[in-house]
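Peer 1: Encoded as structure tokens, here's the structure I'll be asking about.
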Amino acid sequence: MQIHETIAGVRAAMRTAGRVVFVPTMGNLHDGHIALMRQARAHGNAVVASIFVNRLQFRPGEDFDKYPRTFEADCQRMVEAGVDHLFAPAEVELYPQAQSYYIEPPAEHASILEGEFRPGHFRGVATVVMKLFSIVQPQAALFGKKDYQQFMVLSAMVREFGMSIEVIPGETVRAPDGLALSSRNGYLTEAERAEAPRLYRVISELAAEARSGARNFADLEARAMNILRINGWLPDYVAFRKKLDLQSPSAHDSGLVVLAAARLGSTRLIDNLEV
Ligand code: PAF
């Protein structure tokens, strides 16, 4: 695996790389990332990953400073996963001065769900991904469905800007007890880790009820929030949405996803399930 720390270096390597398939990450890789990298292999001849903890997508007080940085272990895992190139710029390489141009996703995509609780988050994500895309110039890029709203926002960005990049979803990878893999799971105490799979169980029950015809979404959502609360969680939302645009469904809509975000102790977890 070739490691590139500079924009010039990765650009030069990409010139002769053939069809480039890109997996952007913030590092601290888990099996979910590795599954994306393995999946990438089938879509092109050069698998390129990036590691960059993007300050722009964190709000003051969020976990930017404590976000786990595990570069050596990540490199080892990427070599095993068959990644050809890693772009791992220092912050000063990607943001040599404060970023003043931004990609501003529309409020109906970026101020709902995660965007309501993390204002500016998707602006930061879209801006860095646009920047990474313009540096790496991939023909395809993979993003996990664990961050369902992120996948939707980035797909819409690529479509609206007419970029010739195929945006490919990766399935959420779960621990045997159902907990969706996430770098933030590492923040959980032992007791919280034992409780954490409840989030998946709760949305699984909701999805099952919706599949068998339940259509009082507000009632189902309120019940789920309540179950989380009595088990010590602070839920931000549990919400049924339409898969395509994440807007609220009406009773006759199909193609739904149920999304949830909740805090357990000091750790905020998110998950979702397609119905
Ligand atoms: O999903 C992530 O890890 C990040 O949001 C991304 C897409 C790498 C942008 O920083």
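Peer 1: Go through segment 20-29 and count every residue that is within 14 Å of ALA88 (Cα to Cα), in contact with a helix residue (DSSP H, G or I) (Cβ under 6 Å, 6 or more places away or on another chain) and either among the hydrophobic types (A, V, I, L, M, F, W, C) or not in a strand (DSSP E or B) (or both).
Peer 2: 5
Peer 1: For segment 121-179, give me the residue count where each residue is of a type in the set (Lys, Arg) and farther than 20 Å from HIS43 by Cα.
Peer 2: Matching residues across segment 121-179 total 4.
Peer 1: Consider segment 65-102. How many of its residues are in contact with a Leu (Cβ under 9 Å, 6 or more places away or on another chain) and at positive phi?
Peer 2: Matching residues across segment 65-102 total 0.
Peer 1: Return the residue satisfying two criteria in turn: it lies in segment 115-140 and is in contact with a Ser or Thr (Cβ under 8 Å, 6 or more places away or on another chain) and more than 11 Å from the ligand (Cβ to nearest atom), and of such residues it is nearest to ALA13 (Cα to Cα).
Peer 2: So, considering only residues that are in contact with a Ser or Thr (Cβ under 8 Å, 6 or more places away or on another chain) and more than 11 Å from the ligand (Cβ to nearest atom), the one nearest to ALA13 (Cα to Cα) is VAL136.
Peer 1: Additional query: Identify the residue in segment 68-84 that is within 23 Å of PHE133 (Cα to Cα) and in contact (Cβ under 8 Å) with a residue 60 or more places away in the chain and, among all such residues, is surrounded by the fewest Cβ atoms within 10 Å (Cβ to Cβ).
Peer 2: By that ranking, first place goes to VAL79.
Peer 1: Could you list, in sequence order, the residues of segment 30-62 that are away from the ligand (no atom under 14 Å from the Cβ) and not in a helix (DSSP H, G or I)?
Peer 2: ALA42, HIS43, GLY44, ASN45, ALA46, VAL47, PRO60, GLY61
Peer 1: Does any residue in segment 141-156 that is within 11 Å of the ligand (Cβ to nearest atom) come within less than 6 Å, Cβ to Cβ, of a residue that is among the basic types (Lys, Arg) six or more places away or on a different chain, and which pairs are these?
Peer 2: PHE151/LYS145
Peer 1: I've got another one for you. Please verify whether segment 143-156 includes one or more residues that are out of contact with any His (no Cβ under 6 Å at 6 or more places or on another chain), within 20 Å of PRO235 (Cβ to Cβ) and either assigned to a loop (DSSP other than H, G, I, E, B) or among the aliphatic types (A, V, I, L, M) (or both).
Peer 2: Looking through segment 143-156, none of the residues is out of contact with any His (no Cβ under 6 Å at 6 or more places or on another chain), within 20 Å of PRO235 (Cβ to Cβ) and either assigned to a loop (DSSP other than H, G, I, E, B) or among the aliphatic types (A, V, I, L, M) (or both).
Peer 1: May I ask you to say which residue of ALA110, ALA40 is in contact with a Phe, Trp or Tyr (Cβ under 7 Å, 6 or more places away or on another chain), surrounded by 15 or more Cβ atoms within 10 Å (Cβ to Cβ) and at pLDDT 95 or above?
Peer 2: On inspection, the qualifying residue turns out to be ALA110.
Peer 1: Here is a further query. When ALA17 is evaluated against the numbered criteria (1) touching a residue at least 60 places away in the same chain (Cβ under 8 Å); (2) assigned to a loop (DSSP other than H, G, I, E, B); (3) closer than 19 Å to LEU132 by Cα; (4) in contact with a Ser or Thr (Cβ under 8 Å, 6 or more places away or on another chain), which criterion, by number, is the only one it fails?
Peer 2: Unmet condition: (4).
Peer 1: Six or more apart or on different chains, Cβ atoms under 6 Å: show the pairs whose first residue is in segment 222-251 and at pLDDT below 95 and whose second is surrounded by 14 or more Cβ atoms within 10 Å (Cβ to Cβ).
Peer 2: Hits for this filter: ALA251/ARG215.
Peer 1: Which ones in segment 90-104 are free of Cβ contacts under 8 Å to residues at least 60 places away in the same chain, assigned to a loop (DSSP other than H, G, I, E, B) and either out of contact with any helix residue (DSSP H, G or I) (no Cβ under 9 Å at 6 or more places or on another chain) or within 21 Å of TYR237 (Cα to Cα) (or both)?
Peer 2: If the condition is that a residue be free of Cβ contacts under 8 Å to residues at least 60 places away in the same chain, assigned to a loop (DSSP other than H, G, I, E, B) and either out of contact with any helix residue (DSSP H, G or I) (no Cβ under 9 Å at 6 or more places or on another chain) or within 21 Å of TYR237 (Cα to Cα) (or both), then PRO96, GLN97, ALA98, SER100 are the ones that fit.
The values are calculated or read from the model by the stated rules, or taken from the named source; none is laboratory data. As the structure is a computational prediction, the values presented were derived from the model and not from experiment. Here Cβ is always computed from backbone atoms with ideal geometry, including for glycine, and neighbour counts include all displayed protein chains.
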